[in-house]
1. So for segment 119-136 (the condition being within 16 Å of the chain's Cα centre (by Cα), under 30 Å from Asp64 (Cβ atoms) and not in a helix (DSSP H, G or I)), does at least one residue qualify?
2. Please state which of the following conditions Leu31 fails to meet, knowing it meets all the rest: (1) at pLDDT below 90; (2) in the same structural domain as Ala131 (by TED's automatic domain parsing).
3. Taking the options Leu87, Leu141, name whichever one is surrounded by fewer than 18 Cβ atoms within 10 Å (Cβ to Cβ), of a type in the set (A, V, I, L, M) and either farther than 30 Å from Arg14 by Cα or more than 18 Å from the chain's Cα centre (by Cα) (or both).
4. Which fully enclosed strands (runs of 3 or more DSSP E) of segment 29-107 have 3 or more residues being touching a residue at least 40 places away in the same chain (Cβ under 8 Å)?
5. Every residue in segment 111-125 that is at pLDDT 85 or above and either crowded, with 17+ Cβ neighbours inside 10 Å or closer than 16 Å to Ile24 by Cβ (or both), please.
6. Quick one: in segment 90-110, of everything that is of a type in the set (D, E, K, R) and under 25 Å from Gly36 (Cα atoms), which residue is surrounded by the most Cβ atoms within 10 Å (Cβ to Cβ)?
7. Quick one: in segment 144-154, which of the residues that are of a type outside the set (D, E, K, R) and in a helix (DSSP H, G or I) is surrounded by the most Cβ atoms within 10 Å (Cβ to Cβ)?
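The values are calculated or read from the model by the stated rules, or taken from the named source; none is laboratory data. Small disclaimer: the values here were computed from a predicted structure and weren't measured. Glycine gets a Cβ as well: all are built from the backbone with ideal geometry, and neighbour counts include every protein chain shown.
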Amino acid sequence: MRSRPRWYRAALGRKIRDWWLWAIGPTAALLLVLIGTHVPDAWAARHGEGRPGIWTVTDVSCHDTQCRVWGDFVPDDGGRGRQHVKLAGREFSLHPDDAGTRWRAIDVGSWRDEVFVPGGGRAFSAVWTSAAMAAVTAFWLLTVWATYRHKRRQ
């Protein structure tokens with residue numbers, strides 16, 4: 001099998017480098033920022049830091065195969081609850097006929113309109129995803145710095 005001409009390999013290398021520098025790397029950095037904001041709440045829920053209580057389904061709206069579920073949270077200590085919040089990290093689906101059902105939850109004081117299943121559930125995946133995006137972003141920043149240094153020397 002014949003190898004590709006040198007100009008072809010060089011052009012392919014430039015295309016890959018350009019994709020990395022201008023598309024993949026910045027996307028990883030953006031995802032790190034967006035997903036990283038969930039990490040403190042997911043971490044707190046994972047370690048049970050917050051007010052335990054009951055989340056009751058109050059509103060379910062479904063479109064096609066996707067359902068959005070809202071409910072009210074009442075803490076076990078009888079303190080101030082939260083109305084119209086989502087139950088984050090749940091690994092089960094809810095349907096319109098589930099209105100009124102009650103689930104254990106923990107309120108970590110999130111500024112978002114959500115409480116968490118005990119242990120954090122799927123929400124804890126934000127921690128691992130953020131760690132992966134941080135590694136990709138760090139490598140991207142290193143390559144941006146190296147490219148800048150290389151261009152500056154020329």
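1. Yes, segment 119-136 contains at least one residue that is within 16 Å of the chain's Cα centre (by Cα), under 30 Å from Asp64 (Cβ atoms) and not in a helix (DSSP H, G or I).
2. (1)
3. Working: Leu87 fails: surrounded by fewer than 18 Cβ atoms within 10 Å (Cβ to Cβ).
Of Leu87, Leu141, the one residue that is surrounded by fewer than 18 Cβ atoms within 10 Å (Cβ to Cβ), of a type in the set (A, V, I, L, M) and either farther than 30 Å from Arg14 by Cα or more than 18 Å from the chain's Cα centre (by Cα) (or both) is Leu141.
4. On the way: elements: 51-63, 66-75, 82-88, 102-107.
Qualifying strands (runs of 3 or more DSSP E): 51-63, 102-107.
5. Within segment 111-125, Glu114, Val115, Phe116, Val117 meet the criteria.
6. Applying the first criterion (of a type in the set (D, E, K, R)) to segment 90-110 yields 90-91, 97-98, 102, 104, 107.
Within this subset, residues satisfying the condition of being under 25 Å from Gly36 (Cα atoms) are 90-91, 107.
Working: Arg90: 17, Glu91: 7, Asp107: 23.
Once the filter is applied, the top-ranked residue is Asp107.
7. Here is the first cut: in segment 144-154, the ones of a type outside the set (D, E, K, R) are 144-148, 150, 154.
Imposing the further condition that a residue be in a helix (DSSP H, G or I) reduces the set to 144-148, 150.
On the way: Val144: 15, Trp145: 10, Ala146: 10, Thr147: 13, Tyr148: 10, His150: 9.
Residue satisfying both the conditions and the ranking: Val144.
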